[in-house]
1. Arranged from highest to lowest average of other beta-carbon atoms within 10 Å per residue, in what order do the peptides 41-54, 105-118 appear?
2. Please give the charge dipole size of the chain, origin at the Cα centre, charges +1 on K and R Cβ atoms and -1 on D and E Cβ atoms. Round to the nearest 20 debye.
3. Distance in nm between label sites at F80 and W107, each 7 Å beyond Cα in the beta-carbon direction?
4. Rounded to the nearest Å, what's the spacing between the alpha carbon centres of segment 30-47 and segment 152-218? Just the number, please.
5. Between V169 and W154, with labels modelled 7 Å along Cα→Cβ, what's the label distance in nm to one decimal, could you check?
6. With Rg and the Kirkwood Rh both taken from Cα atoms, where does Rg over Rh land for segment 25-102?
7. With a 1.4 Å probe and every protein chain kept in, tell me what percent of the accessible surface of the chain is carbon plus sulfur.
8. In the chain, with Lys and Arg counted as +1 and Asp and Glu as -1 at Cβ, which of these residues, W147, L165, Q211, has the Cα nearest the positive end of the dipole, that is, farthest along it?
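The values are calculated or read from the model by the stated rules, or taken from the named source; none is laboratory data. In this text, all values refer to a predicted model and were calculated from it rather than measured experimentally. Every residue, glycine among them, receives a Cβ derived from its backbone with ideal geometry; neighbour counts consider all protein chains shown. Side chains are part of the model used for accessible areas, which takes the heavy atoms of the whole protein and leaves out ligands, DNA and RNA. Shrake-Rupley method; radii C 1.70, N 1.55, O 1.52, S 1.80 Å.
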Amino acid sequence: MEEAILETSLAPAPMTQIIVEQFLATSPWEAAAALIGLAYLLLAVRRNLLCWLCAFVSTAIYLVLFAKASLYMQSLLQVFYLVMAVYGFIDWKRGRTESGDVRIESWTVNQHVMVGALVIIATALNGWALSRWTDSPAPYLDSFVTWGSIVTTWMVARRIIENWLYWIVVDGVAAWLYFSQGLLATTVLFIIYLGIVVRGYFVWRREQAFQSTAAPST
């Protein structure tokens, strides 16, 4: 009987208990950054300029959080996000249709192939460098999320519709990365992101079709 009690006490905690404990340990700053980040994405689906203000604030908070978690590439990524928040606001304000809606664009197949190859190469080189010269806990995942996010955020700022398809892959990998580092609120945020980006693609595709129909013939 005593041995059974001892084995029970030494047994690992169930996954649900671990998740609850991590969630309760979430800092107010991480929770705030996650909620503001969620607001950014919801506004981006609606092509609302305020999305870039939310992106700027959320990014500034995450810059500090990722630095403390030793996710160096994620920290550098936040600097890029800050710049893109400003650029995206300017480009969305300038790139509008005659009716005032944000104009939606597309990339060619060749552009997607080239960008995909560049992300793979950058991930491999960056991941190798992090594994060799830093204490990064997940060098290759960190690198992939970073370079994938750089490309995809640029696509959002340039109003490229395929950005939503890219985000499905990037957000899925990011969710696992953040969960492995105990950033539970951020993990939940990125899981929610996966559902929103799918909706975002169909919303933008419908709007793009409408813009094509409404465009004056030349």
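1. 41-54, 105-118
2. 1160 debye
3. For the pair F80/W107, the computed spacing is 1.2 nm.
4. Using only Cα atoms to place each centre, the spacing works out to 12 Å.
5. So the two model labels end up 1.5 nm from each other.
6. 1.06
7. 70 percent
8. Value: Q211.
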